[in-house]
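See structure below.
None of the figures in this text is laboratory data; all of them are computed from the coordinates on show. On a predicted model such as this, the values are computed, not experimentally measured, just so you know. Ideal geometry is used to build each Cβ from the backbone, glycine not excepted, and the neighbour counts take in all protein chains shown.
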Amino acid sequence: MAKKLKTAKRTAKKVSSRAAMSVATNVDKTAKQRVAAITSAPLAVVESDKDMQAMLAVLGNTDEPIAVRLAALQALQAASFSVVAFESGRGDYVATLRKVATDPDPELRQRVLGILMRDKDGFAQKKLLDGLKDPAKALVPPEKALQLLSYDVHTDAYEVARDIVKKPPNDDAKREALRLLAADAKAAPIFEKVLRDKKELRANRQIAAAALHSLDPGKLQQQARKILLDKSDYDDIRATSLVALQQFGDDEALGKDKALLKSVKGFSGGKTQAKYKQTARQFLSKYSP
Amino acid sequence: MNVELQINNSTNPNAQFVSWAPSPCRIRVTNPAGAAGPNASVKLSSTSAANGGSVGFRSGTTGAFAPTLTLTLPVNGTSVSFFTAGKFGQPSTNEGDVRIEARVGNTMVGAAKVMVRIRKNANTLMPGERDRFVAAFAKLNNQGLGRYVDFRNMHIGAGLQQAHGAAGFLPWHRTYILDLERELQAIDPSVALPYWRFDQAAPNIFKPEFMGVSDNLGTVSFANNNPLQFWKTDGQPGVNRRPLFNIAGAPPNPISEAATLALGTNFSQFRTMEGNPHGSAHTSFGGFISSTSTAPRDPLFFLLHCNVDRLWAKWQRQNSRFNPAVVASFNNNNASPVGHRLQDSLWPWNGLTGGPRPPTAPGGTLAPSPIVAAPGLSPFVKDMLDYHGVISPASNTGFDYDHVQL
C-alpha cells in the first residue's frame, strides 16, 4: 500500500512537471501562461533530455515572445544549480547561449553574455573585447562590457581599460574601467592618484580606495591617514579612510598616533554628517577610550 | 557569600551565549563567608536590557523552563547543575544584554551576562546588529585573503557536485553556513548569520549600509562607513548584482514559505525546493549570485542560504523530521552520489580528495564551537538533521531561528 502511494506521488509530480513543460512549449498558449508554467517548475527542464532541448529551443528561437525566452533562460539558470542532472545538457546549453549572445534583444544579450562570462567563456570574452575596440561590433554598452570582462581579466582588457580611464565615453565606463584595473598589479599608481584627487567623482575615489587596498594595502593605510588629517577633504572619503584604518590597520600604531586621533576627534563633531560622526566615535572608543 | 555561574559549563567569555535549546550550566559557592549552614538556598532570575533577550531556567534535563529557579548549593564549593535557554520570541540584540542573577534572600551573590544569540530576519535587524554583522563579514573576507577564500573555493568546480543536485543539498549547505557563522563568531561572538526571506519584501537589506544598492548595470555601491566597500573576491573588489525585480517588493518567482512547507511531508518531496524557491531566488538577479560558479562572491548568497536552511528547519519542525533513522526525514539512497547519503562524511570538512571526491578539500575541518561539540569537526550527513538536539541533546549544533520554535 505504502509502495503504491509512493509511486502514485512520484507519478503525480512527473505529471505536474510534464504539464508545466507542455504549457511552456505550447505556442497556442499566451505568453503569460507560458511564463507562469516555466517559472512554476524550473527543475522540470532537467527531468529529461527532451525537456532540456525543448527549453533550449524556446530560448534560441527569435520568433518566440521575449518574455517567454527570458523565462526559459531563468529556468535553465535555476536548473543549472542542480549540477549533476544538468551536466549532460551543459554543452548544448553553452552552445545555445553563444548563439543568443548576438540576439537582437539587448536585455537577453546582456543576460546571456553575463552567464557566459561568469563561466569565463572565451567566445564571449572575444566578442566583448572586439566591441570595446570597435564600437560598431559592440553587443553591449562599453561600461557593461568592462563589467563583464572583469570576471576573467586578461592583459588585452587592461590595455583597453587604461585607454578608457584616460578618455572615458561616460562616467559609468570610467568607473567600470577602474574596477577592472583593480586586479592589475601595475595599476596601483593610478588608484593612488584617483584617491587623492578631490576633483574626481567620489564614487571613483571610493573604488580607488578598495582597489589600492587590494593591490598595495600599506599604501592605502598611508593615504587614508593623510586624508583623515586633511580637514578640507570630503566627509564620505574621510569615512572610507577611517573604515580602512579601523578594519585593516595596525591597532597598536593607530592607538599611538596622536595626530590622527586628534583629527578623528575633530571629525567626530562639528559639521560632520551624523552617520560619519558615529563611525568616528566608534574609532575613538576603540583606539582612544 | 559569593557564587560562580558557568554558562554552557564554562566561564569562557565566548561561551556566554544561548539559543532556544537548553544550555547545560553549573553554579558553585566560591566564598562561603556568611553562610548559615552546610547548604545555601540560591534563587536564579534574570534581568534584560532594553530590546534585550530573556532566558528561563530548569533544574533537570526535562520539564518546562521558568523565569526563576531555586537551587540548594553546598557551601563546600561542589557544583550544582541547571539548564538555561532563551525564551522563544525574545532574542537578544547585544552581547550580554541578559543578566542572570543569583540571590540569597535579597542579596545578589553572583551574576553572569549572556546573550540569546539567534539567527534573525535580515530585513528587521537593529542597526547595531547589522553593523556588527557587516564588519565581521568584511573582516572575514579581509580583502580576499582571509578564511573567506576557503568558503569561495568550496562552492566551485567539482565541489558543486558535493553540494548540489541530490539529497545532500540541504545537509551540505547547513554545514557550510554553520562553518561560516562560527568563523564570523570567532571575529565577533555577538554575530549570528541573518537570513533573507526571499518570499517577502526586504528593502532594508538592499541599502548602502547593508548589502548595498545596485545601479542599472548591476554594480553594487556601499555606504562610505560600510566595511563591505572593501569586499574582494577572485582578485576583484566589489559585487555585481542586478535585481530582476523591484527591490521594494519580493522577487516574483520563488514560491512562498507556505507553498515550500507544503511541498510534501517526506524529505524526497521537500528537497525539490532546490529548484524553486532556491534556484528561483538565485536567478532573481543577474550578477554573481545568479551562477553556481560565482554565487559565493556575493555576500547576499549566505543570507539566501540561511533562509533555505530556515525553511528546512521549519519543515522539520512541522513534520517532526529530525531523526535520521526515520525514512521520511531523509531519502537515503545507496545509488545517490557520494556525499549525498546518510552515512557519508561531508566534503571538504572530511579532508577527502580524489576518486569520487573533488581533487582538493579547501578549508580544513569545521570551525569548532566553544559552546557545543556537535556536529564534530568532520561531520556526516546524518549529523546535520537533529541540529537543535530534539532527538538527542548532544546533537545540538548551537544555532536557532527567531521564528522556528522547538
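Okay, here's what the table says:
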read-out	value
Spin-label pair B:THR78/A:GLN33, simplified geometry with 7 Å Cα→Cβ offset, distance in nm	7.9 nm
Rounded to 5, percent antiparallel among DSSP beta bridges of the protein assembly as shown	90 percent
Partner chain coverage, peptide A:208-217 - average Cβ within 10 angstrom	4
Most mobile of B:GLY218, B:GLY355, B:GLY60 in a GNM of chain B (Cα contacts under 10 Å)	B:GLY355
Most mobile listed residue (B:ASN276, B:ASN94, B:ASN216) in chain B, GNM with C-alpha springs under 10 Å	B:ASN216
Listed peptides B:97-103, A:194-200 by packing density, highest first (mean Cβ within 10 Å)	B:97-103, A:194-200
Where a label projected 7 Å from the Cα of B:THR47 along Cα→Cβ would reach, residues of segment B:84-111 with amide N under 16 Å	B:96-111
At R0 = 51 Å, FRET efficiency that the Cβ-Cβ distance of A:ALA138 and B:ALA258 yields, to 0.05	0.65
In degrees, nearest ten, helix B:169-187 long axis to first principal axis of chain B (Cα)	60 degrees
Computed [θ] at 222 nm, deg cm²/dmol, chain B (DSSP H ≥ 4; -39,500 (n - 2.57); rounded to nearest 500)	-5500 deg cm²/dmol
Label-to-label distance, nm, for residues given as B:ASP188 and A:ILE66 (7 Å Cα→Cβ offset)	4.3 nm
Rounded if a/c under 1.5, otherwise prolate or oblate - segment B:318-406, Cα gyration tensor axes	oblate
Listed peptides B:193-204, B:47-58 by packing density, highest first (mean Cβ within 10 Å)	B:193-204, B:47-58
Cα gyration tensor shape of the protein assembly as shown, rounded if a/c is under 1.5, else prolate or oblate by comparing a/b with b/c	oblate
Zone residues, segment A:184-209, relative to A:SER232, backbone N less than 17 Å from point 7 Å out along Cα-to-Cβ	A:195-200
Local net charge near A:ALA183, Cβ-Cβ under 14 Å (Lys/Arg +1, Asp/Glu -1)	-1
Average beta carbon contacts from partner chains per residue of A:274-283, 10 Å cutoff	2
Environment charge of B:VAL29, counting only residues whose C-beta is closer than 15 Å and scoring Lys/Arg +1, Asp/Glu -1	+3
Net charge over other residues, Cβ less than 14 angstrom from the Cβ of B:ALA201 (K, R count +1; D, E count -1)	0
In order through segment B:86-96: 3J(HN,Hα) via Karplus (6.51 cos²θ - 1.76 cosθ + 1.60), integer Hz, x for Gly, Pro	x, 7, 3, x, 10, x, 6, 10, 9, 4, x
Shielding of B:281-291 by partner chains, average beta-carbon count, 10 Å	5
Stretch gain in nm, segment A:LYS265-A:ALA57, where the contour uses 0.36 nm per residue and the Cα spacing is subtracted	68.5 nm
FRET efficiency for B:THR265 and A:VAL84, using Cβ-Cβ distance with R0 set to 25 Å, rounded to 0.05	0.50
